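Structure record follows, encoded as structure tokens.
The values are calculated or read from the model by the stated rules, or taken from the named source; none is laboratory data. Fair warning: this is a prediction, and the values are worked out from it, not measured in the lab. Here Cβ is always computed from backbone atoms with ideal geometry, including for glycine, and neighbour counts include all displayed protein chains. These area figures cover heavy atoms from the full protein model, side chains too; ligands, DNA and RNA do not enter into them. Shrake-Rupley method; radii C 1.70, N 1.55, O 1.52, S 1.80 Å.
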Amino acid sequence: MTVPPLPRFALGDPIPAPTASDEMRRRLATRRSAPAQALTGPGPTPREIDDILALGARSPDHGKLFPWRFVVMGPQCRADLARALAPLAERQSDPGKAARVLSKLTAAPVTILVVSAPVRGATVPRWEQQLSAGAVGMNLEHAANALGYSASWITDWYSYDREATALYGIGEDEQVAGFIHIGHVAERLLERPRPDVAALTTWRD
């Protein structure tokens, strides 16, 4: 399938106003994370990855700080990481489970690591900068879905273990916001439990 190029805007260009879209409503209503271990090829092309990153970066960002960065990880990179992480898995509270979840890291054709990188000295609270990284992660999933791919946002123990994060260049003041694994699934995904939105909502006039 030939994907048309994304619209590009220069600084100060007017942005088209949102229009009603049944396709977008349907996509949001059917959004479902895929099991990371079930993701297979083919994965997105380099051009599609560029588009996914460009769309992911169009996220809320108080202060225009861009307090996040991306690492695009192919299969060989992640296979090497899984081997390096295996000895660290043995030190976790549940070594067996820690070793098993490494398969989530290696199954998909491509992974985008989102790194939360708060800007020191900024007047924008650190928490808001971290929320921006989270918004980027969600936008990456939506962008992958829009191109016909399934996605899975994973953290697991190797997102928090400092010896582990050093292996993929996470700085002292940075955190892993998530590994966004992208590919296809062989079987249709089943609906999972959803919240009672009414019970979680307060209306105030």
For the condition within 15 Å of the chain's Cα centre (by Cα), more than 24 Å from residue 129 (Cα to Cα) and surrounded by 13 or more Cβ atoms within 10 Å (Cβ to Cβ), what is the one hit in 34, 57? 34
I'd like the residue in the range 137-155 that is in contact with a Phe, Trp or Tyr (Cβ under 7 Å, 6 or more places away or on another chain) and assigned to a helix (DSSP H, G or I) and, out of all such residues, is surrounded by the fewest Cβ atoms within 10 Å (Cβ to Cβ). 137
Any idea which of 64, 104 is closer than 23 Å to residue 155 by Cβ, charged (D, E, K, R) and either open to solvent by 60 Å² or more (accessible area, probe 1.4 Å) or touching a helix residue (DSSP H, G or I) at 6+ places or on another chain (Cβ under 7 Å) (or both)? 104
Filter the range 101-127 down to residues that are among the hydroxyl-bearing types (Ser, Thr, Tyr) and under 16 Å from residue 66 (Cβ atoms), then give me how many there are. 2
Tell me, which residue of the range 76-97 that is out of contact with any Phe, Trp or Tyr (no Cβ under 7 Å at 6 or more places or on another chain) and closer than 17 Å to residue 178 by Cα is surrounded by the most Cβ atoms within 10 Å (Cβ to Cβ)? 78
Contacts under 6 angstrom Cβ, first residue in the range 60-77 being without any contact (Cβ under 8 Å) to a residue 40 or more places away in the chain and closer than 17 Å to residue 128 by Cβ, partner of a type outside the set (Gly, Ala, Ser) and open to solvent by 70 Å² or more (accessible area, probe 1.4 Å), 6 or more apart: none
For the range 10-27, enumerate the residues that are hydrophobic (A, V, I, L, M, F, W, C) and loosely packed, with under 10 Cβ neighbours inside 10 Å. 10, 11, 15, 17, 20
The lone condition residue 99 fails out of (1) in contact (Cβ under 8 Å) with a residue 24 or more places away in the chain; (2) touching an Asp or Glu at 6+ places or on another chain (Cβ under 8 Å) is (1)
Checked the range 156-205 for anything over 30 Å from residue 23 (Cα atoms), touching a residue at least 24 places away in the same chain (Cβ under 8 Å) and surrounded by fewer than 17 Cβ atoms within 10 Å (Cβ to Cβ); matches are 163, 167, 169, 171, 173
Counting only residues in the range 98-125 that are of a type in the set (Ser, Thr, Tyr) and within 15 Å of residue 43 (Cβ to Cβ), the one modelled with the highest pLDDT is identified as 111
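The rows are residues; the columns are (1) among the aliphatic types (A, V, I, L, M); (2) within 16 Å of the chain's Cα centre (by Cα).
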| site | (1), (2) |
| --- | --- |
| 116 | no, yes |
| 141 | no, yes |
| 153 | no, yes |
| 191 | no, no |
| 198 | yes, no |
